[in-house]
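Asker: If you scroll down you'll find the structure; I have some questions about it.
Read the figures in this text as sums done on the coordinates, not as results from a lab. As the structure is a prediction and not an experimental result, all values here were calculated from the model. Glycine gets a Cβ as well: all are built from the backbone with ideal geometry, and neighbour counts include every protein chain shown.
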Amino acid sequence: MNFLFRSVILFGTLVSGFAHANDNITVSFNERPPYLTQGTDGAASGLIGTAASEAFKAAGLDVTWSKVPPNRQLIVVKEGGNNCAIGWFKTPERTQFAKFTNPIYRDKPTIILANPKFEGKDGSKLSDLLTAKGVRVLVKENFSYGGFIDGKLESLKPTLVKSNGTPSQMLQLIHAHTADFMFASEEESKYLIEQSGVASNSLKQLKAADMPNGEFRYIMCSNQVPDSVISRLNKVIKFK
């Protein structure tokens, strides 16, 4: 009797897990050209979006694409369910509430976009730029710039000006001298300048001498997304 009861429970668990693994997955993204744009079919496109879209398709997973602001994406993933978000850095904090696939993209080295009055020089070390007298660094709230930059911000503790705006809106704040500089990927800097309406000759573009290669970007899923789904994605992700 006990054996039969345990067998029924085991069978029910297996069936439940199988059904859960095949549920539709909601994948969140925000438009951030050239990384992420929305294709004509509603799916994510761009440098990161296309790689993610192709991975879900190749893995045979049923997906609903959803445009969601970045901070809200974190909340959705934390809340659980069959939810994923694409293009995120993998940090120790995020691994506490999320699962990550293999990387789908790697950024080029981060550059610095500064207002002309900032006296920092191209080719300086990042620590020198962050410790310049009276420096104010514009950062996006709840955003990771990767281990190297995050570590420097934490250890050197420059004055931070936090924003919830889009990158192009943040660039306008730099132009208005609300802060001295912000970080941007090399891939998106040209687009940001065009979209912000700020003349390129009214900004300084600096490259730190010690800036490492960019961070890897991943598909980030809630802890309730089955490991089998992550495994299926990893098998078809082509990035090396």
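Asker: With θ taken as phi - 60° and the coefficients 6.51, -1.76 and 1.60, list the Karplus ³J(HN,Hα) couplings across region 198-208 in order, rounded to whole Hz; mark glycine and proline as x.
Answerer: 8, 5, 4, 7, 9, 10, 10, 10, 10, 10, 6
Asker: Kindly express, to the nearest 10 degrees and within the range 0 to 90, the angle between helix 147-156's C-alpha long axis and the longest C-alpha principal axis of the chain.
Answerer: Compared with the principal axis, the helix lies near 50 degrees.
Asker: Straight-line reach from K57: which lysines have a Cα under 29 Å away, not including same-chain ones fewer than 8 places off?
Answerer: K57 reaches K67, K78, K90, K99, K108, K235, K238, K240.
Asker: How big is the Cα convex hull of region 90-164 in projection, averaged over all directions, in nm²? Kindly include the intermediate steps, with their values, before the conclusion.
Answerer: Numbers: hull surface 25.3 nm².
So the Cα hull casts an average projection of 6.3 nm².
Asker: Out of Q172, T91, Y105, whose Cα points farthest toward the positive end of the dipole of the chain (charges: +1 Lys, Arg; -1 Asp, Glu; placed on Cβ)?
Answerer: Positive-end residue among those listed: T91.
Asker: For helix 2-21, what angle does its Cα long axis make with the longest principal axis of the chain, in degrees from 0 to 90 and rounded to 10?
Answerer: Once rounded, the angle reads 40 degrees.
Asker: For K117, give me every one of the aspartates and glutamates with a C-alpha distance below 14 angstrom, ignoring sequence neighbours fewer than eight places off in its own chain.
Answerer: D180
Asker: As a test of the definition: which semi-axes, in Å, follow for region 107-222 when you take the square root of five times each eigenvalue of its alpha carbon gyration tensor? Largest first, please. Provide the component values of the computation, followed by the final result.
Answerer: Numbers: eigenvalues 78, 63, 41 Å².
The answer is 20, 18, 14 Å, longest axis first.
Asker: Given just the C-alpha atoms of region 121-184, how large is their convex hull per residue in cubic angstrom? The partial results should precede the final answer.
Answerer: Working: hull volume 5.8 nm³, N = 64.
Given the Cα convex hull of region 121-184, per-residue volume reads 90 Å³.
Asker: Using a simple charge model, +1 on the beta-carbon of Lys and Arg, -1 on the beta-carbon of Asp and Glu, nothing else, what dipole does the chain show about its Cα centre, in debye to the nearest 20? Don't skip to the end; give the middle numbers.
Answerer: On the way: 28 positive and 22 negative charges, 62 e Å.
The dipole of the chain has a size of about 300 debye.
Asker: Kindly express, to the nearest 10 degrees and within the range 0 to 90, the angle between helix 227-236's C-alpha long axis and the longest C-alpha principal axis of the chain.
Answerer: In the chain, helix 227-236 runs at an angle near 60 degrees to the longest axis.
Asker: Going highest first, how would you order 45-54, 84-93 by mean Cβ packing within 10 Å?
Answerer: Details: 45-54: 22.0, 84-93: 19.9.
Highest to lowest by the protection proxy: 45-54, 84-93.
Asker: Could you compute Rg(Cα) / (2.2 N^0.38 Å) for the chain, with N its residue count? Intermediate results must be reported in sequence, preceding the final value.
Answerer: Working: Rg = 21.0 Å, N = 240, 2.2 N^0.38 = 17.7 Å.
Here the Cα radius of gyration is 1.19 times the empirical estimate.
Asker: Moving to a separate point now. What whole number of Å gives the distance from the Cα centroid of region 78-115 to the Cα centroid of region 125-202?
Answerer: 19
Asker: Where both partners of a DSSP beta bridge lie in the chain, what percent of those bridges are antiparallel, to the nearest 5? Working shown, then result.
Answerer: Details: 20 of 35 bridges.
In the chain, approximately 55 percent of DSSP beta bridges are antiparallel ones.
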